[in-house]
Amino acid sequence: MWDSYGKDKVADFLRQLNQASTATLMLDYDGTLAPFQTDRDRAYPYPDIVPILDLIIQSGRTKVFVVSGRPVREVESLLHPLTDIEIWGAHGLEHLLSDGTYQSTTIDSSISEILAQAEEWLRESGLPDMAEIKPGGIAFHWRGLPAFEIKRLQVRIQEGWLEFAKKPGLKLLDFDGGIELRATRPDKGDAVAEILKRADPRAPAAFLGDDLTDEDGFRVLDGRGLSVLVRSEYRMTQAKAWLRPPNELVDFLEQWSRM
Ligand SMILES: [Mg+2]
């Protein structure tokens with residue numbers, strides 16, 4: 001059934017899970033729990049995901065976390081009606097606890113100033129209005145455009161944002177469907193580290209993600225839990241296992257729900 005690689009690691013992990021009294025499940029959202037959509041507001045989870053996650057949560061043995069680049073409120077609304085889930089959004093800048101408490105970290109004013117300049121550059125450069133201003137970053141989305149248009153936008157933005165990306169505390173990152181200029185820290189690795197710090201060290205932990213930004217989380221989990229690349233096609237990764245969505249992902253979560 002495990003068509004992709006790392007089946008031995010996954011099986012070992014599930015055995016460990018069966019013997020544990022508590023566990024930590026960390027999940028990226030876009031591309032992992034939900035297929036990509038041109039309309040990002042409609043990127044709902046694959047069928048079966050919400051009920052299975054609900055089963056896992058209701059068992060009371062696993063604490064479920066979503067670690068996303070999206071603002072927390074967007075993830076919360078896309079996962080409706082799921083409750084008792086903890087969300088780390090904007091790559092860890094925002095934190096929505098399962099009891100509804102909202103926390104956020106403010107970024108350095110020098111970084112906000114550069115992001116404001118980069119936003120201004122976008123406005124002045126006559127590019128289509130496809131930017132998403134989010135905590136700690138600006139994402140430019142081009143999903144759904146023809147390939148030649150994507151190439152043109154990519155080159156244009158990379159050049160235009162280069163001077164901002166070179167400033168300390170900022171980075172330019174490619175993601176599936178666009179490019180983002182954002183604060184270097186926190187990253188998803190910081191969010192995963194924070195979650196693990198608060199968890200029972202004996203609790204088996206896993207982090208599932210699809211994109212390059214998830215690699216920071218995979219690295220942090222090394223030696224401490226199972227890292228899983230969730231992606232239709234394989235790419236180079238630090239993750240110890242690879243599952244193809246949605247079927248292999250649903251199978252994995254279903255087995256988790258029976259722990
Ligand atoms: Mg993703």
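Any read-out appearing in this document is the output of simple, stated calculations on the displayed coordinates, not a laboratory observation. Quick caveat, the model's predicted, so the values are computed rather than measured. In this analysis, Cβ positions are derived from the backbone assuming ideal geometry, glycine residues included, and neighbour counts consider all displayed protein chains.
Points worth noting:
- Computed over the range 109-183, the ratio Rg/Rh where both radii use C-alpha atoms and Rh is Kirkwood: 0.94
- Here the Gaussian network model covers the chain, with springs between Cα atoms less than 10 Å apart; of 83, 213, 24, 83 fluctuates the most.
- Amide H contacts of residue 134: 139, each under 5 Å away and 5 or more positions distant or on a separate chain (H built 1.01 Å from N in the peptide plane; Pro and chain starts excluded).
- Helical content of the chain, expressed as a calculated mean residue ellipticity at 222 nm, amounts to -11000 deg cm²/dmol (DSSP H runs of 4 or more residues, -39,500 (n - 2.57) each, divided by residue number, nearest 500).
- Mean separation of Cα pairs under 8 Å and 6 or more residues apart, divided by the residue count, gives the range 132-248 a relative contact order of 18 percent.
- Residues of the range 167-202 with amide N under 20 Å of a point placed 7 Å along Cα→Cβ from residue 155: 173-175, 177-180
- Set of lysines near residue 171 by C-alpha distance (under 17 Å), chain-local residues within fewer than 8 positions excluded: 134, 188
- Whole-Hz Karplus values for the range 21-38 come out as 8, 9, 8, 10, 10, 10, 9, 6, 9, 5, x, 9, 8, 9, x, 5, 9, 4 Hz, taken residue by residue from phi with 6.51 cos²θ - 1.76 cosθ + 1.60 and θ = phi - 60°; glycine and proline positions read x.
- Per the Debye calculation on the range 1-129 with a single equal scatterer at every Cα and no solvent contribution, log₁₀ I(q)/I(0) for q = 0.19 Å⁻¹ amounts to -1.17.
- Cα-based shape type of the range 186-259, given that a ≥ b ≥ c are square roots of the gyration tensor eigenvalues and the cut on a/c is 1.5: oblate
- Rounded to 5, the percent of DSSP beta bridges in the chain classed as antiparallel: 50
- Of all aspartates and glutamates in the structure, the ones whose alpha carbon falls short of 14 Å from that of residue 7, not counting any fewer than 8 places away in one chain, are 248, 251.
- In whole percents, the pair-distance distribution calculated for the chain from its alpha-carbon pairs, binned every 10 Å from zero, is 7, 31, 36, 19, 7, 1.
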